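Trainee: Here you go, one structure.
Here, each number is a calculation from the coordinates, and none is a lab measurement. Since the model is a prediction, treat every value here as computed from it, not as a measurement. Backbone-built Cβ (ideal geometry, glycine too); neighbour counts: all protein chains shown.
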Amino acid sequence: MTEQVIRIGIIGSGGIARMHARAYKRIPGVVVAAVADIVPGRAQALIDEEGLAEAAAFDNTRKLLEQELHGVSICTPNVSHHEQALLSLEAGKHVLVEKPLSVTLDEGIEMVETAERMGKMLSVGFQPRYDDNIKLVREIVQSGQLGGVYYAELGGGRPRGIPGGTFIRRDIAGSGAIADIGCYSLDMALYALNHPRPLTVSAFSGNRLGTNPAICPEADRFDVEDFGVAFIRFENDMVMTFKTSWAMHLDSMGSTFFLGSEGGLKLGSGRTGAWGGSFDCLGDIRMYRDMMGRQTETAIPLSGQPLDEPFFLKISDFVRAIRDDAPAPVPASEILVQQTIIDALLRSAAQKREVDVEWPSILRR
Ligand SMILES: NC(=O)c1ccc[n+]([C@@H]2O[C@H](COP(=O)([O-])OP(=O)(O)OC[C@H]3O[C@@H](n4cnc5c(N)ncnc54)[C@H](O)[C@@H]3O)[C@@H](O)[C@H]2O)c1
């Protein structure tokens with residue numbers, strides 16, 4: 001029996017849309033049938049440059065959604081994830097939205113509610129979930145070998161690497177380093193810990209390097225944070241320190257580690273110094289446990305998975321879920337947990353005090 005051809009639309013045709021297009025092209029039985037971008041000419045340019053022979057170009061998402069499509073990739077700037085996802089879900093399409101889920105918590109809640117109401121899948125583009133090393137970290141934490149985890153510290157952060165364009169304007173990106181790369185380390189830690197419920201956040205954010213023209217070429221239009229740090233309390237007496245940065249006068253903000261009653265797990269910062277969860281961000285993995293009354297340290301070999309494999313796997317898993325009518329591979333409802341933290345983090349930094357995390361009733365458990 002021949003499999004049904006899965007027809008995909010791509011909304012937004014900038015940098016990340018290219019990676020979506022290339023991954024879809026590698027999957028047998030998948031056709032990118034439509035591309036939309038609000039800037040006239042951009043959708044057609046993506047189609048031509050990536051050889052999407054069967055795709056039609058649109059300068060309007062609504063016209064794209066009139067096409068016969070099974071699913072769409074939303075590759076627009078953060079501020080429009082909410083609008084584009086609602087339009088797509090209401091048009092009856094399954095959705096893979098790029099990270100971060102949304103700019104505000106309320107937007108994220110409405111996106112999840114709309115997916116539920118429409119009976120459509122809403123998955124979020126966190127490719128580090130498909131990194132073999134990250135899967136191993138989760139397996140170790142979930143295996144109970146660390147005992148009860150009471151502390152997690154998220155290191156990393158880029159020494160330099162402030163992006164430009166749409167990423168540094170609050171009206172388009174919502175937030176800066178926290179939404180752009182902080183969301184990765186938060187997702188990886190929450191995923192490893194099985195999404196514990198956060199209670200309070202005390203945070204600070206700054207933009208001293210992003211607004212310095214000697215460091216950031218677009219300093220005059222930079223109005224997001226380039227640095228964020230937070231102390232987060234969770235239920236069951238667990239706490240977390242979160243740190244992220246696009247630029248700093250340091251090589252790295254250190255390792256990521258989990259401390260448990262029976263053991264510890266350390267993920268060293270790698271080549272890029274940013275623990276975003278991907279292979280080249282990870283220097284090493286070390287496990288610490290007592291044996292015969294002595295503290296031992298075990299180096300766990302890193303996987304040799306090719307660097308671009310996790311991204312391909314995220315796209316192919318979305319297609320698999322469409323084909324199998326399966327749940328979203330990275331459910332937006334799960335990502336709402338990190339949205340509650342980012343929401344509280346930004347409020348706490350603005351108010352310069354600890355704040356309570358708002359827990360959406362849709363997540364009541
Ligand atoms: N998963 C990853 O590794 C990864 C990497 C980079 C970016 N991203 C995410 O992908 C998203 C896009 O980032 P990018 O680097 O491709 O940005 P980009 O600025 O290069 O491209 C965005 C495109 O969307 C178009 N656009 C804007 N509003 C639109 C709308 N309402 N309808 C249709 N098109 C619209 C723009 O004209 C532009 O061509 C962001 O949310 C970002 O966080 C994810």
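Trainee: With a/c under 1.5 counting as rounded, go ahead and sort segment 280-365 into rounded, prolate or oblate using the C-alpha gyration tensor (a ≥ b ≥ c being the square roots of the eigenvalues; past the cut-off, prolate if a/b is larger than b/c, else oblate).
Mentor: Note, shape of segment 280-365 comes out oblate.
Trainee: So which lysines can Lys243 reach, going by Cα to Cα under 23 Å and dropping same-chain residues fewer than 8 places off?
Mentor: The qualifying lysines are Lys99, Lys135, Lys266, Lys352.
Trainee: Next up: Rounded, prolate or oblate, given the Cα gyration tensor of segment 202-361, with a/c below 1.5 counting as rounded?
Mentor: It is rounded, given that a/c, with a ≥ b ≥ c, falls under 1.5.
Trainee: To the nearest 20 Debye, how big is the dipole of the chain about its Cα centre, given +1 on the beta carbon of each Lys and Arg and -1 on that of each Asp and Glu?
Mentor: 440
Trainee: Additional query: Mind checking which of Ala328, Leu302, Leu346 is farthest towards the positive end of segment 238-365's charge dipole, using Cβ charges of +1 (Lys, Arg) and -1 (Asp, Glu) about the Cα centre?
Mentor: Leu346
Trainee: Do you know the relative contact order of the chain, to the nearest whole percent, from alpha carbon pairs under 8 angstrom that are 6+ apart?
Mentor: It rounds to 18 percent for the chain.
Trainee: Between the helical axis of 132-143 and the dominant principal axis of the chain, each derived from Cα atoms, what acute angle in degrees is found, rounded to the nearest 10?
Mentor: That works out to roughly 50 degrees.
Trainee: Exactly which GluC sites (Glu not before Pro) in segment 43-149 are in a DSSP loop and have at most 16 other Cβ atoms within 10 Å?
Mentor: Filter output for segment 43-149: Glu54, Glu66, Glu68.
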